[in-house]
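The values are calculated or read from the model by the stated rules, or taken from the named source; none is laboratory data. Because the structure is predicted, anything quoted here is derived from the model rather than measured. Counting neighbours? That spans all protein chains shown, and the Cβs are built from the backbone with ideal geometry, glycine included. Just so you know, the surface numbers come from the protein's heavy atoms only, side chains and all, with ligands and any DNA or RNA stripped out. Shrake-Rupley method; radii C 1.70, N 1.55, O 1.52, S 1.80 Å.
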Amino acid sequence: MSFRATFATALRVLKQLRRDPRTIALLLLVPVVLIVLLDQLFHDRRQVFQQIGGPLLGMFPLIAMFLVTSITMLRERVSGTLERLMALPLAKLDVLAGYAIAFAIVAAVQATLVSIVAFGFLGLHTQGPSWAVVLLAISNAVLGMSLGLFVSAFARTEFQAIQFMPAFIFPQILLCGLFTPRAQMAGWLRGVSDALPFTYAYDALHRATALGTFDGRFTLDLTVTVGVTVLALALGASTLRRRTG
Amino acid sequence: MGKGVRTLRNRACIHWTSLRAVEPPEMIDYRPMSAAASIVVESLRIRRGGVVVLDDLALSVASGKVTGLLGPSGSGKTTLMRAIVGVQIVESGTITVLGEPAGTPSLRWKVGYMTQNPAVYGDLTVRENLRYFGHILDAPPTNVEEVLETVDMTSFGDRVVNRLSGGQRARVSLATALIGSPELLVLDEPTVGLDPVLRRDLWKAFNELAAQGKTLLVSSHVMDEADHCDDLLLLRDGKLVTTGTPAEVRAQSGKQDLDEAFLVLINEEVE
Ligand SMILES: Nc1ncnc2c1ncn2[C@@H]1O[C@H](COP(=O)(O)OP(=O)(O)O)[C@@H](O)[C@H]1O
Ligand SMILES: [Mg+2]
């Protein structure tokens with residue numbers, strides 16, 4: 001692993017993104033539009049907005065980075081540039097870390113922008129500090145990135161990669177506790193929910209925004225989120241093969 | 001004559017034995033070596049999609065020369081090159097590149113590889129692509145302009161690759177193989193789809209690189225490119241049909257035209 005190659009890769013990914021202003025606009029504006037929509041939707045029921053606004057804000061980057069990474073990585077595999085990179089003095093970890101750094105930066109901008117709008121203009125209130133929400137959003141973005149990287153190995157086309165979103169992401173959003181508190185779920189659903197990484201990402205956000213309790217359970221949430229990120233990165237690395245058939 | 005040949009033979013032997021001290025001496029003789037070899041392939045067998053694509057292949061590529069890897073489409077040129085740069089799964093056999101087994105990490109600094117399909121980032125400019133590959137190889141930044149010049153793309157340096165023609169894109173891909181000033185260049189059909197003037201210029205550039213002491217293995221399915229090479233390897237259906245200099249190939253086949261010479265040699269094999 002070399003700092004130079006990692007940094008060069010991060011820079012290259014950011015430059016590629018810069019060439020695509022429409023994607024940048026979508027990445028930065030869609031969360032803002034959605035949070036404004038949410039604000040309007042719950043105009044008369046502020047406690048609902050307060051309850052789901054914070055967690056949602058921290059989940060946007062997860063979903064966005066999952067999609068962006070799985071497509072970018074798939075392109076890298078299909079276009080032959082990955083094969084080319086594997087013939088260069090570049091560790092697999094350089095590629096992965098380069099991607100992680102680039103998308104963490106994008107996620108930081110994304111989360112900061114939507115936080116400014118939500119906390120500054122829409123009156124969203126959290127028990128914990130608002131920077132904690134931004135930090136959690138960034139860590140969630142890296143989780144989304146590592147999951148996207150991993151699933152990109154199982155897609156042959158961009159069409160398939162996009163379908164991983166409803167297959168992989170939607171069930172987790174439904175079961176993470178955002179729509180129905182986990183305590184009210186049927187036993188087996190709760191069991192499934194326990195096994196999904198989003199559950200912990202959401203719970204950490206819920207604690208930081210609604211409860212303001214940074215207790216043992218919060219630590220567990222963070223540990224699981226980081227653990228799954230590392231695991232997905234390791235699995236992702238194993239799908240980057242130097243030699244192919 | 002005898003003296004010169006012996007010296008070269010000796011060099012080859014020393015080189016070879018230094019690689020594999022345990023190899024019995026009689027193993028050396030059959031190898032078609034004219035000088036120290038940068039690439040030595042032995043009993044190479046590769047299977048792709050369940051089918052044996054290269055079978056019991058043995059060849060060597062001389063240092064400091066341009067060796068042409070010729071053969072019809074599907075004959076296994078790309079597969080062999082992938083194996084040499086260490087990105088192809090090999091079933092059995094050995095490939096020694098610059099004295100080390102193919103795929104050794106340190107070789108990634110010394111071997112430049114141009115893939116058959118341009119492997120460059122379409123959403124970056126030509127210079128951005130070259131800077132990225134240059135960064136990875138820790139090449140001096142001045143190399144970017146140098147290789148742009150070599151492939152005659154200086155005036156397109158700031159153009160996004162997606163807005164280039166196929167031939168221009170191929171030249172960017174070639175430039176990424178050159179940027180680290182590698183000792184050995186493995187170029188997969190670098191001149192396909194280019195106009196005659198450009199092709200002539202590139203072959204001139206390849207010969208100049210060889211004159212500087214670099215080794216080049218250049219594939220082509222267009223036989224009339226063979227005359228630009230110092231040595232030739234003719235591949236058919238994953239087997240080596242013939243080797244030698246263009247003059248030797250002409251003599252073997254009794255044909256002056258290399259295109260015809262290859263047809264004769266390929267058909268001989270079939271019979
Ligand atoms: N990815 C692959 N999977 C399975 N078979 C392949 C693959 N790529 C090439 N082949 C087969 O291997 C043989 C040699 O191909 P290749 O090395 O690309 O030849 P050339 O470069 O000389 O045109 C061909 O029969 C081809 O069909
Ligand atoms: Mg080929």
Check your understanding: Which value does Rg/Rh take for the stretch A:3-239 over its C-alpha atoms, Rh per Kirkwood?
Key -> 0.98
Check your understanding: Per residue and in Å³, how big is the convex hull formed by the alpha-carbon atoms of chain B?
Key -> 142 Å³
Review point. Going 7 Å from the Cα of A:MET165 toward and past its Cβ, which residues in the stretch A:107-126 have a backbone nitrogen under 18 Å from where you end up?
Key: A:107, A:110-111
Review point. With every protein chain kept in the model, how would you rank B:LYS255, A:LYS15, B:LYS77 by accessible area, 1.4 Å probe, largest at the top?
Key: B:LYS255, A:LYS15, B:LYS77
Practice item. Using only the alpha carbon atoms of the stretch A:80-119, find the Kirkwood hydrodynamic radius as the inverse mean reciprocal pair distance, in angstroms to one decimal. Key: 12.0 Å
Exercise for review: Can you tell me the relative contact order of chain A? Whole percent, Cα pairs under 8 Å, sequence separation 6 or more.
Suggested key: 28 percent
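Considering every pair of different Cα atoms, what Kirkwood radius, in Å, is found for the stretch A:149-245? Present the calculation step by step, with values, prior to reporting the outcome.
On the way: mean 1/r = 0.0661 Å⁻¹.
It is 15.1 Å.
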Study note, to complete from the structure: In deg cm²/dmol, rounded to the nearest 500, the helical mean residue ellipticity at 222 nm of chain A, built from -39500 (n - 2.57) for every DSSP H run of length 4 or more, is -24000 deg cm²/dmol
Exercise for review: Search the structure for amide H atoms under 5 Å from the amide H of B:GLN88, placed 1.01 Å from N in the peptide plane, and list their residues when 5 or more places away or on another chain.
Suggested key: A:THR244, B:ALA83
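Can you tell me the accessible area per residue over chain A, all protein chains present, probe 1.4 angstrom, in square angstrom?
Working: 10980 Å² over 245 residues.
On a per-residue basis, chain A sits at 45 Å².
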Revision key, fill the gap. Chains B and A: accessible area buried, summed over both chains, 1.4 Å probe, nearest 100 Å², reads 2800 Å²
Revision key, fill the gap. B:GLN252 and B:GLU145 label points (each 7 Å along its Cα→Cβ direction) are spaced in nm at 4.5 nm
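Taking 25 Å as R0, compute the FRET efficiency from the Cβ-Cβ separation of B:ASP227 and B:ASP138 and round it to 0.05.
Rounded to the nearest 0.05, the efficiency is 0.10.
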Check your understanding: In degrees between 0 and 90, to the nearest 10, how far off the longest principal axis of chain A does helix A:92-115 point, with axes built from Cα atoms?
Key -> 30 degrees
Point to revise | Unsatisfied cross-links (Cα-Cα over 32 Å) in the set B:LYS77/B:LYS110; B:LYS110/B:LYS239; A:LYS92/B:LYS214; A:LYS15/B:LYS204 | key: A:LYS15/B:LYS204
Study note, to complete from the structure: note: the stretch B:77-129, Cα-Cα separations exceeding 16 Å make up a percent value of 50 percent
Practice item. Mind pulling the angle between the C-alpha long axis of helix A:130-151 and the longest principal axis of chain A? Nearest 10 degrees, somewhere in 0 to 90. Key: 40 degrees
Check your understanding: In nm, what is the difference between 0.36 nm times the number of residues separating A:THR23 and A:ALA237 and their Cα-Cα distance?
Key -> 74.4 nm
Practice item. List every residue whose amide H lies under 5 Å from the amide H of B:LEU54, counting only residues 5 or more places away in sequence or on a different chain, with H placed 1.01 Å from N in the peptide plane. Key: B:ILE46
Exercise for review: Would you kindly derive the ³J(HN,Hα) couplings of the stretch B:38-51 from the backbone phi angles with the Karplus curve 6.51 cos²θ - 1.76 cosθ + 1.60 (θ = phi - 60°), listing them in order in whole Hz, with x for Gly and Pro?
Suggested key: 7, 10, 10, 10, 9, 6, 7, 10, 10, 10, 10, x, x, 9
Check your understanding: What angle, in degrees between 0 and 90 and rounded to the nearest 10, separates the Cα long axis of helix B:196-211 from the longest principal axis of the Cα atoms of chain B?
Key -> 60 degrees
Check your understanding: What's the percent breakdown of Cα-Cα distances in the protein assembly as shown across 10 Å bins, shortest bin first?
Key -> 4, 17, 23, 19, 14, 11, 7, 4, 1, 0, 0
Practice item. Would you kindly derive the ³J(HN,Hα) couplings of the stretch B:233-249 from the backbone phi angles with the Karplus curve 6.51 cos²θ - 1.76 cosθ + 1.60 (θ = phi - 60°), listing them in order in whole Hz, with x for Gly and Pro? Key: 10, 9, 10, 9, 6, x, 10, 7, 8, 7, 9, x, 6, x, 5, 5, 5
Point to revise | Under Karplus coefficients 6.51, -1.76 and 1.60, residue-wise ³J(HN,Hα) of the stretch A:181-188 in Hz, glycine/proline x | key: x, 4, 5, 8, 7, 4, x, 5
Review point. How much of B:HIS135 can a 1.4 Å solvent probe reach, expressed as accessible area in Å² and rounded to 10?
Key: 80 Å²
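Once fully extended, how much extra length lies between A:THR223 and A:LEU34, figured as 0.36 nm per residue of separation less the alpha-carbon to alpha-carbon distance? Display every interim value, and only then the final one.
Values: separation 189, 0.36 × 189 = 68.04 nm, distance 2.90 nm.
Stretched fully, the A:THR223-A:LEU34 segment lengthens by 65.1 nm.
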Review point. Taking only C-alpha pairs under 8 Å that are 6+ residues apart, what is the relative contact order of the stretch B:33-119 in percent?
Key: 32 percent
Practice item. Amide H neighbours of B:LYS214 under 5 Å, at least 5 residues apart or on other chains, H built in the peptide plane: list them. Key: none
